[in-house]
Amino acid sequence: MRRKRREFFLNIFYICAFFVFSVSVASAGALPCFAAWDAGADVRRLSREAPSIAAFPEAEGIVWLSSYNYSMRPDGNMEKRHRFLILLNANSTDRTGGTDRLAPAHLFETDPSARITEAMWLDQSSGEKIGNLETEMTDSGANVVILPSDDGIIAIETLTEGRKKYFLDDIVTLAGPLPTWEQRVEVEIPEGMDFYWQGNGVRSPERRADMGLEHIVWTVTNQPAWQRAEILDQYPPALVFSLHRGASYLRDLRNLESSFAAPPRPSSISASGGAQKAVAAIRAYMKDKVIAQDARQIIAPVRGEIPENGPWLPWEGTIIAAKWLESLGHSVRVFWSQRLPVDMNGPDSVAVWKEPVLVVTGGGADAYFVAGRNEEFGKLPLRLFGASVYRFDGSDTQRIVLPKGNASDHTLTQQWRLSIGEDGMASGSLNITATGGWASVLARGKQPAPDGAMDIMNGISLSLPGIAIEPLSVQPVANGYRAAFNVRAPLGIVSGSDILMRMPCGLPVSFWNIPRDRERFSFSFPFVFEQDMIVSTPQGYRSFGLPGRTQHGDSRAEVDESLVHWEKRSQIEASSKWTVRSAAIDPSLASRILDQLALAQRWTETTVPLRK
């Protein structure tokens, strides 16, 4: 009752504020709106200021301009206009590969409910309009622009209207897959209104008052492209803002869950076998019924009618699964993950909430479920490891931290079994086993196909020039998979009867993303990275100067190495095991992590002299 009374008086306040504001701007002969867009003028200006596509030969394009304008209409509804200019790279792989459609949300996380109000194709130098671009809507509700085949500047404007009266709020991501030259975020509100914001890698805005309005402006120039390094727990530069603070939208989501009318549970999903079997049945049933969204998954209003047999948006599929599990008598709690870590007393925005996560209790430890993900029941998607998730239980906000697991839950093991001849050529097998977070990192969050071994290898940087790899298969293992290969490589340099043998080695590409200049960062998960090698040598060869076993580090992070030659068996056995047990890296551990990374890189240069 107290909360409803407070909301009633807040509504009265905003109505009065907008009445005074409307009268003041009317008497001044001004309207609370942004000017019509002269895209050609922006193109002419930026053609002199912005870099050419030659500066980014590998990029699909450059965002010359990304401009957000937020205002509140006199009726209390938010209006958001997003304008952007994109210089496409006609020679990029994706363009020449047949990509002919662009969803603005791919680049800017635009609300999928946004309407495209302008879609033009402009001359890069003069800014003259060449023509209009066609648009269409995908099954998931995202607006898509059909791209021209020739060079030019793409100019797009989208319009989004607020969902909640007297609320003006959003998240703006300031870095994405394309480099961006100029960005501007402007929020226009009646002077004197409360305004709350929080950012990641964002400076404070400029604020100025003019004719009863307050203008709050962020500007960013020359923002490099950004892509999340999956091995790191990180967020892109972004900001969230609102006229309110708290978690009213979380209460709205709880109401959405309660009122959600799920389609009937199919007979193939039954109570027999417990929660694990029920969730496995739900996952199998939903396999082809959950849409891979083209746009960011902002929680849109419930569709007028949820299709009984799909397709469903991912968040709809998760809520449907919750309803079906509850109907079978299982204990299910629905939590919501965040796009950007925001305190519950921080800016109150619907865009903060990304997706529902089911926590299913019973039969031991809690298990988790997110529709549209390939992880096994009870296993979390990589980006949710260690995440804080929230729910409103009817009287208060609950927060839990999802587990990251132990290092042994996230292993990446390379097992080399080779034979080297007197000519220095080696052949044999390589098995790569990935579990937990590593399974998601190497497969980029997807379930690898049985013939998808080379997709796994794309995440590994091999140290052997001239190596030939024949992919064989991918087989499931507990909490992951094993990819098998045949290999052939020039492993040794021959000088007379002597061989200088290099150790076969492959490092995860994601290791290059470990920060070299930060004292604090966090891995997405603790991990084990292990290389295990047995190389059979020709009879009669001896080695010398091998180190045996060495250890470096402590209980939080350590490297254990071994290199021995069993001359009677004509075998060289080597192993290198890097164990990082603490995902949170503080200043006392950061330098040690870099030293141990250097040890892993040095392994690629290890040689074994063999003398006959």
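Checked against (1) surrounded by fewer than 16 Cβ atoms within 10 Å (Cβ to Cβ); (2) under 17 Å from F511 (Cβ atoms), M454 passes all but condition (2). The number of residues in the stretch 263-295 that are touching a residue at least 60 places away in the same chain (Cβ under 8 Å), open to solvent by less than 60 Å² (accessible area, probe 1.4 Å) and within 29 Å of L340 (Cα to Cα) comes to 8. Here T158 meets each of (1) open to solvent by 20 Å² or more (accessible area, probe 1.4 Å); (2) assigned to a strand (DSSP E or B) with one exception, condition (1). Do we find a residue being over 25 Å from V290 (Cα atoms), over 17 Å from the mean Cα position of the chain (by Cα) and in a helix (DSSP H, G or I) anywhere in the stretch 337-359? For the stretch 337-359, residues over 25 Å from V290 (Cα atoms), over 17 Å from the mean Cα position of the chain (by Cα) and in a helix (DSSP H, G or I): absent.
Restricting attention to the stretch 196-213 and to residues that are over 26 Å from the mean Cα position of the chain (by Cα) and surrounded by fewer than 17 Cβ atoms within 10 Å (Cβ to Cβ), the residue that is farthest from Y235 (Cα to Cα) turns out to be M211. For the stretch 123-155, a residue qualifies if it is aliphatic (A, V, I, L, M) and either buried (at least 18 other Cβ atoms within 10 Å of the Cβ) or at pLDDT 85 or above (or both), and the qualifying residues are I130, L133, A142, V144, V145, L147, I153, I154, A155.
The number of residues in the stretch 491-501 being touching a strand residue (DSSP E or B) at 6+ places or on another chain (Cβ under 6 Å) and open to solvent by 10 Å² or more (accessible area, probe 1.4 Å) comes to 4.
Could you tell me whether R602 is outside any strand (DSSP E or B), at pLDDT below 95, surrounded by fewer than 16 Cβ atoms within 10 Å (Cβ to Cβ) and of a type outside the set (S, T, N, Q)?
Details: outside any strand (DSSP E or B): yes; at pLDDT below 95: yes; surrounded by fewer than 16 Cβ atoms within 10 Å (Cβ to Cβ): yes; of a type outside the set (S, T, N, Q): yes.
Considered against the rule, which asks whether it is outside any strand (DSSP E or B), at pLDDT below 95, surrounded by fewer than 16 Cβ atoms within 10 Å (Cβ to Cβ) and of a type outside the set (S, T, N, Q), R602 comes out as yes.
Restricting the stretch 586-598 to residues that are surrounded by fewer than 16 Cβ atoms within 10 Å (Cβ to Cβ) and of a type in the set (A, V, I, L, M, F, W, C), the residue that is farthest from the chain's Cα centre (by Cα) is A598. The single condition among (1) of a type outside the set (S, T, N, Q); (2) under 30 Å from L412 (Cα atoms); (3) at pLDDT below 90 that E161 does not meet is (2).
Taking the stretch 502-521 as the range and being of a type outside the set (K, R), surrounded by fewer than 16 Cβ atoms within 10 Å (Cβ to Cβ) and either at pLDDT below 90 or in a strand (DSSP E or B) (or both) as the test, the residues that pass are D517, E519. Residues in the stretch 522-550 that are small (G, A, S), over 30 Å from G437 (Cβ atoms) and assigned to a strand (DSSP E or B): S536, S543, G548.
Using the structure shown, decide if G192 is at positive phi, touching a Ser or Thr at 6+ places or on another chain (Cβ under 7 Å) and open to solvent by 20 Å² or more (accessible area, probe 1.4 Å). Spell out the reasoning first.
Numbers: at positive phi: yes; touching a Ser or Thr at 6+ places or on another chain (Cβ under 7 Å): no; open to solvent by 20 Å² or more (accessible area, probe 1.4 Å): yes.
The answer is no for G192.
Going by the structure shown, is I130 within 22 Å of the chain's Cα centre (by Cα) and assigned to a strand (DSSP E or B)? So I130 fails the test.
The values are calculated or read from the model by the stated rules, or taken from the named source; none is laboratory data. Since the model is a prediction, treat every value here as computed from it, not as a measurement. So basically every Cβ, Gly included, is an ideal-geometry build from the backbone, and we count neighbours across all protein chains shown. For the accessible areas, the whole protein counts, side chains as well, though only heavy atoms, and no ligand, DNA or RNA atoms are used. Shrake-Rupley method; radii C 1.70, N 1.55, O 1.52, S 1.80 Å.
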